[in-house]
Structures are given as C-alpha cells and as structure tokens.
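Asker: Could you have a look at this structure, given as structure tokens, before my questions?
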Amino acid sequence: MARPDHMRAASCLIGAFLLVAWPGPSSAWAQDTTAVGAITGTVATHTNLPGLAVTVCVVDTIRCVVSDDAGTFRITELRSGMYRLEITPPGEPSLVSDPIEVRAGLDSVVSVTLPPPSNLQETVTVTAPAFVVAEEVKTSNYLVRPVQIRESAGALQDVSRYLQTLPGVAIGTNDFRNDIIVRGGSPLENLFIVDNVEIPNINAFANFASAGGTVSILDTELIEDVTFLTGGYPAPYVNRVSSVLQIAQREGSRERFRGQATVGFAGAGAIFEGGIDNGKGSWIVSARRSFLDIFSNDIGFGGVPVLSALNAKVVYDITPVDRLWLVNITGVDRIRLGLTEKTDLNEGLADFDIRYQGWRSATGLNWQHIFGSRGVGLLGVTHSEAAVTSTVKDLVRNGVPPDDIPVDDIIEQGPLVFREGSREGETTVKYDLTTYRTMMGKMNKVQVGGSLKVFRLRYDTGSPLGDDSPYSTTPGVNAFALDRSFTAYQSGAYVQATQDVTKRLNLTLGARLDHYQFTSDTRVSPRAGIGFRVSEHLTWNSSAGRYAQHPNFLFLTSFPENSRLKPFVADHLVSGLTYLPSDSVRMTLEAYYKRYRDYPVSTQFPTLSLANVGDTFNVREVLFPMTSQGRGRALGIEAMVEKAPGGRWYGQANLSLAKSEQAGLDGVLRPGAFDYPFVANITGGINVTPNWLVSARMAWLGGRPYTPFDVALSESVGRGIFDLSRVNDARAPAYFRLDLRAQRTFDFTRPLVVFFGVQNVTNRLNFSAYTWNRRSNSVRFQEQQGLFPILGLDWKF
C-alpha cells in the first residue's frame, strides 16, 4: 500500500502550482504500428439497395477497389490527411465526393448514397466519417479528441488527467498527481507512445520509480489525437501489463508560417510552425516555461517549482510512398520544498528539506514506406534519456528542534536520509510490417515486427540512515548505497493475423516473444480477440491475452537479492457489448478479469507488495529487498455512454464497479491500495453561444482502503507504525469533486481565447492519507486539493 509521508505532502503542494502552470487554450487518431489508416464504407443506391460492383478510387492516386455484393468496400494504407473519392457505378459517369479525413491507425467509416441514374448531378452524398479503432483492437479502447483535453474542466490541459475520467481509470492516492490507475493496477504498469516513440515517463517532477508525476511535459495544443487501451490489447504492444496510451502530435502547417502564444497564472509558452520544400514537409515546435520564480522564491511550501518543456516534430515526404518524421519531447524541472521561517509546523513539509532537479528527453526518427496496396512498413530508431538529482534531509529524525534555533541552522544540521544523482538511457530499434492478403475470398491482415532495446544506466543513490518504515518498530531499515553503471538488453518479436471469418465475425490471433537479458528470462505472450456484429448497430467483442513486464532496473539493483526478480505477468480476459445508435454516440458495457503472478513483494514485511506503492515521490518507500512471489487479481464491470465532439455539445458518463486484491509474501489476498469499489464520472462541454463554451466534470469514487496506525505503539516510539492486523482493512470516505470551466473567444483579427474556472467547486476536503505528526506525536489527516481557481489565455497569430 502507498505509505503516507512527507513526499505526499510535497506532491500536493507541487501539484497546486502545476494545476495552473500550463493553462493552454484552447478527429481521433491513433498511432498504430505502421501509422496509416483506411477508408471503409458501404455504397447504397437512392432506393437504399446495396451498390454492387461500384468502383471506388482515391482521387490523384492509383488506389481503387470494387464494392462487393453487400455494397461494402475498404481502401487501406492511407496516410493521415484529406482525400476525395471518385465513385463510378457500372455504366454510369464518375462522381467525386467531398474531402474525407483519414487518421492513422483508424478506419474512417463512411456511407455513400448514389443519385438516381437520370440525375445529372456531379456529386455523390457521403456521410462525414465516423472513426473507429483498427480491427485488431477488439475491447477496452477509447478515442480522445484534443478538444476534450483542452476544454475539459478537470483535465487542466493534461492528457493523463483527462484519462482519469474514463471507465476503469481512477486517480492514485492524491489528485495533485496525474497517475493513471487502470483497473486496479499500479501506475508503473502503463505504456506511453508518442508518434511511434516509446517514452518511459511523459510527466514532469518524476523519479525513476514511478510512471506518473504532477503535470505532463506534452503540449496539448500539439496533440492531434489519443487512443487509450485499457485491457486485452493486441500483440504489437510490449512490456506493460495494464494499459497503452498512444498520442499523435499534429504536423505543422505546410502552407505558411504561423504561431500562437499562451499565458497563464504561472507560465507562458509559444508555438511556431511552417512548411518545408514547397509543401513536401513541415515543422512545428512548442516551448513553454513557468515564471513564478521571477517574482518570488517561495510560494508557500519553501520554494518555487521551475519547469521548462520543448516539443518538436518535423515531417518530410521523400517520395509519394516514403515519409520521414523526427520527434523530440523534452522537460527540465527543479524544486525546493520544506521548512522556512513562515512554514506552519503542523504541515508535513516542516519536517524536511527537499531539493530536486531533473530532466528527461526522448527523440525518435521514423521511416514509413508504403508497398502500394500490399502493405506498409515502419522503421523506428528512438532514444530516451533522463537524469535526476535530489537530496532529502529529515529535520526531526533526531528529535524536534528547539524553537530558538534559526531555520538555516536546522537545515544545515539536519541528517541526510536520501540522495540521488542517477541517469537512465534507452535506445530502441524496431520494425513493424503490415500486409494484406486475400484468402478464401476474405481480406486477411498480417502484422509482424521486432525490436531491440539497449539500456545504459548509471545509478548513484543511497539511503545512508535507512527507512523508518511504518511496517517495523525498528528504525532505519534497509540502508543502502548504490553506485553502479551497466548496460542491459531486451529483445522482442510478434506476429498477428486478423481475418474476416464471415461477414459478421472477425478474429484476431497473435503472440509475442520477449527476452530480458538482465534477468535471463524469456516470456511468451499469446493474445486473441473476436468481434461479432450482432446487428447494424450492436457488436459483441472479447479478448484474452498474457502480458509481461520487466521490473524497473532501480528495483533490480538496489539490493543484491532483487537481481533475481522475474518479469511479472498479468492475464487479461475482457468481454463486452458496443451499441452505436448514431455516428457520434457510443454506448458500451464491458466486464473484465485480470490475474497477476510473479509480482515483486517484500521479503521482510509479508503483507507488502510493490503493486501497492507505485504512486509516490518518496523513492525510499519503494526500495526494499524483494522476491517474485506476489499475486493479485482485479475484476469489474464498466458502463459508458459518450457523445463525440461535433455539434453544440459533447460529453461522456461512465460507471465502474470493481474489486482489486493483492497478496504479499504471506499469500493472503487483501484489498489493493487502488481498490475503489465504484467510480462514477460525468464530463462534457456545451457551446452556450458561438463565443462562449462551458464545461464541467464530476467525479465520485468509493472510499479506497488504508491501513490504520497502531496508535499506542506509534506514540511509544514517536512515529507512525501500522496496525499489521488490519492491513488495508479500513476504508476512507468517498471521494467527490466538481470542476467548472468557461472560455470566451474574441473574434479579433487574430483570435483570442480567455478561459477561467474553479477546481473542486464545493471545496470538499477529500481524504489523501493519515500521516503521523512527529512534532505532536499524533495522527494527522491529510486532505487533497481544495477549491482552486484557474485562469489563462491563448492568442493565435
């Protein structure tokens, strides 16, 4: 379970700043393994009969298909962009459609209605495309438009925070962080991919022992679309057991130079973009920086967070079938937290002096080649690098300092309990190939691929006085000093086939093979999915698969026995129904079961599993001797209804009922740290007038479990000690939060958008944790974010 401590208080205060650090401004794309999309559709006559043997061509290309007996057609291997269709009925003149948008990784589904043969009109009626995920993705998929992230009242222009409103997703133990908890899993179990570049962590103020942070380093204004897969995902995805987050950044303008500026309460940024070589390519770059440090050196918690971020993308078409794109995502941050002359001594941060600075960067070069109508290949070479330097002093470890000692002297004399000066690098070379074959009159999609990862790691970290664990009355357990540099490797390959077995039944079968050199382990991961079209509007989908994840290298090297940890495994089983009453409305009902094995658990504390401590800034908390003997399970049912953006309003509502359990070395399944019995979300926006938009978000979560303190024992030793007979036996009160946001667009020569809002309108003091106040030797209630205003503007020029 995640332990309440000083670093949680730090995360609260950092988050309070970062909620307004990047108040950006103000189509579903999904980066699949080859970065192309398709147009699928049905041709009908004016009397609503199937349009047989109609030739459908993409204008200005040689891509043509003929509709079948049901009037259906499919044109594959199309890059993102706008296309017109030339439609030729047998014996009739050709008709040209309006532009149709194609997005990589998705099918643009259209309906074509032919005019009467005697009609002399030169156009054909084609519905606006409804975007659906690639056919091999059967279950648990969500397409998020950028407008939903930018305008959501609760997202604060952070993609991770918006995902917290989707079915089966919840906040961690603190809503000042943007951790993604998917179906009871740890935040460490999520995979991030941006433009085919795998990024270990997309967040600022993060450490090597977490996949979350406080705010994303991605500029939402550059995001084109997002696909989020929360279970049963297909074989191409590697080394994560809970979810896959795929983000596509948009291209820059190929026609002209342009830009925009963003200013908020605590930061500013700018975007510039333009074309290359007469429209053969484009570039776009975003740069942002906080500026509160210019005006103050302390905004209430002993310092000021400073964050800079750079996002860039260059695209160039070498030939009509060869495209290159280069992507870079970089973030640099620093913060000082802790005791000052003005600090309230009842706050947890009054006990510490914490100094942190870090940076992370990921760069990827991709080459895409289209083999006509036969398939497409994608070669990617990526490198990510991250460094963290931090120190933590415990100012009351040796007793509460007298009131007459100056703060500077208290900090100077405070014992150092943790230090870090580490660096992680990861280089990946991968190739993905998708081909199409006709077998027995049916189209067969085959995907194969492989990757090689090289890790270069330099750890210089230590906890010289150990950890005062709440699981033990013995202070200073697990002192360590790690000074090690090494290289490790990971290789993998997959194969997958998707086949229309009948007109209603689609089947996907695949498998992965992954080898982890550092632990000398190999894992085979079979995966399968089935989709059955019950009716025109209703489909039933199911998927099953095995997923493996290598433990973080910091965990593997911090203690000698940890080098024997194995890749842990999760088996997914998902089944559900999808109902589409219209192109813009979707209703889903889905059940899932997830079973864990070989999870890292403590060898010293029989009830402690790494699965329950994954969302913390306190690195000491997650570094302890471990063995791969943990197990767990998660199961639940999720219902959702959503209205996609387009028209006057959009929104979604969902309800999840779930159960998550984890076992430590004792083998006893107990409620997991992220076991929310129910999660309900409502979010959306409405255009009140053409210039005014109002959005709202409501979140209601059942109380999560926690372990109460043994008060008598804690008082006797002067620090918090858990009651180990009641591990995760208590439940916090339910979590409730209502957020509101409004934006006004001013139609000047260059549009100006001003937005404002309030987070937690009701000012509810939601439970974060019970911590132990060592100054008063008593339990302290730690709340989450209270009422908080936001304000910002965006100007395009």
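The values are calculated or read from the model by the stated rules, or taken from the named source; none is laboratory data. The model shown is predicted, which means the values in this text are computed figures rather than measured ones. When we count neighbours, we look across all protein chains shown, and the Cβ atoms used for this are built from the backbone with ideal geometry, even at glycine. The protein model used for the area step is the full one, side chains on, heavy atoms only, and it has no ligands, DNA or RNA in it. Shrake-Rupley method; radii C 1.70, N 1.55, O 1.52, S 1.80 Å.
Asker: Report for the chain the percent antiparallel among DSSP-assigned beta bridges with both residues inside it, nearest 5.
Answerer: Antiparallel bridges: around 95 percent, rounded to the nearest 5.
Asker: Once you order the gyration tensor axes a ≥ b ≥ c over the Cα atoms, which shape class does the chain get: rounded for a/c under 1.5, otherwise prolate or oblate by comparing a/b with b/c?
Answerer: prolate
Asker: I'd like to check one number: the per residue accessible area of the stretch 549-633, probe 1.4 Å, reported in Å² as a whole number.
Answerer: 33 Å²
Asker: Keeping the other protein chains in place, figure out the carbon and sulfur percent of the accessible area of the stretch 502-571, with a 1.4 Å probe.
Answerer: Roughly 61 percent of what the probe reaches on the stretch 502-571 is carbon or sulfur.
Asker: Then there's this: Roughly speaking, to the nearest percent, how much of the stretch 255-383's 1.4 Å accessible area is carbon and sulfur?
Answerer: 62 percent
Asker: How much solvent-accessible surface does SER390 expose, in Å² to the nearest 10, with a 1.4 Å probe and all protein chains in place?
Answerer: Here the residue's solvent-accessible area equals roughly 20 Å².
Asker: Determine the order of MET587, MET640 by accessible area, beginning with the largest, at a probe radius of 1.4 Å.
Answerer: Greatest to least solvent exposure: MET587, MET640.
Asker: To the nearest 20 Debye, how big is the dipole of the stretch 113-246 about its Cα centre, given +1 on the beta carbon of each Lys and Arg and -1 on that of each Asp and Glu?
Answerer: My answer is approximately 400 debye.
Asker: Let me ask something else about it. Assign unit charges at the C-beta atoms only (+1 for Lys and Arg, -1 for Asp and Glu), then state the dipole size of the chain relative to its Cα centre in Debye, rounded to the nearest 20.
Answerer: Its charge dipole is roughly 1100 debye.
Asker: Could you please report the charge total around ASN541, scoring K, R as +1 and D, E as -1 over all other residues with beta-carbon less than 11 angstrom from its beta-carbon?
Answerer: Local net charge: 0.
Asker: Under a Cβ-Cβ cut-off of 9 Å, what is the net charge of the residues other than ARG323 that fall near it, where Lys and Arg count +1 and Asp and Glu count -1?
Answerer: -1
Asker: Output ³J(HN,Hα) for the stretch 186-194: one whole-Hz value per residue in order, computed from phi by the Karplus curve 6.51 cos²θ - 1.76 cosθ + 1.60 with θ = phi - 60°, and x for Gly and Pro.
Answerer: Result, rounded to whole Hz: 5, x, 6, 9, 10, 9, 10, 10, 10.
Asker: Another question about this same structure. Projected onto the charge dipole of the stretch 522-616 (+1 at Lys/Arg Cβ, -1 at Asp/Glu Cβ, origin at the Cα centre), which of HIS572, ASN562, SER542 gives the Cα projection farthest towards the positive end?
Answerer: Selected residue: ASN562.
Asker: Shifting gears a bit: Past the 22 angstrom mark, what percentage of all C-alpha to C-alpha distances in the stretch 150-238 do you count?
Answerer: Cα-Cα pairs of the stretch 150-238 separated by over 22 Å account for 21 percent.
Asker: Over the stretch 330-372, average the accessible area per residue using a 1.4 Å probe and give it in Å², no decimals.
Answerer: 44 Å²
Asker: What accessible surface, in Å², does a 1.4 Å probe find on LYS280, ignoring ligands, DNA and RNA and rounding to the nearest 10?
Answerer: Surface accessible to solvent at LYS280 totals approximately 100 Å².
Asker: Still on this model: With n ≥ 4 as the cut-off for DSSP H runs, can you work out [θ] at 222 nm for the chain, using -39500 (n - 2.57) per run divided by the number of residues, rounded to the nearest 500?
Answerer: Mean residue ellipticity at 222 nm (helix-derived): -1500 deg cm²/dmol.
Asker: Going from most exposed to least, what order do LEU433, LEU49, LEU191 have by accessible area with a 1.4 Å probe?
Answerer: LEU49, LEU433, LEU191
Asker: Oh, and also: Roll a 1.4 Å probe over the protein chains and send me the accessible area per residue for the stretch 684-797 in Å².
Answerer: 46 Å²
Asker: Show SER308, SER695 ordered by accessible area, largest first, where the area counts protein heavy atoms only and the probe is 1.4 Å.
Answerer: Largest accessible area first, the residues go SER308, SER695.
Asker: Please report, largest first and rounded to whole Å, the three semi-axes of the ellipsoid equivalent to the stretch 270-400, where each semi-axis is the square root of five times an eigenvalue of the C-alpha gyration tensor.
Answerer: Equivalent ellipsoid of the stretch 270-400: 47, 17, 8 Å, largest first.
Asker: Quantify, in whole percent, the carbon and sulfur part of the accessible surface of the stretch 197-249 (1.4 Å probe; protein heavy atoms only).
Answerer: Here it works out to 44 percent.
Asker: Further, regarding this structure: In whole angstrom, note down how far apart the Cα centers of the stretch 540-617 and the stretch 382-433 are.
Answerer: Using only Cα atoms to place each centre, the spacing works out to 28 Å.
Asker: Applying a 10 Å radius around every beta-carbon, put 237-250, 536-549, 84-97 in order of their mean neighbour count, most first.
Answerer: Going by the mean number of other Cβ atoms within 10 Å, highest first, we get 237-250, 536-549, 84-97.
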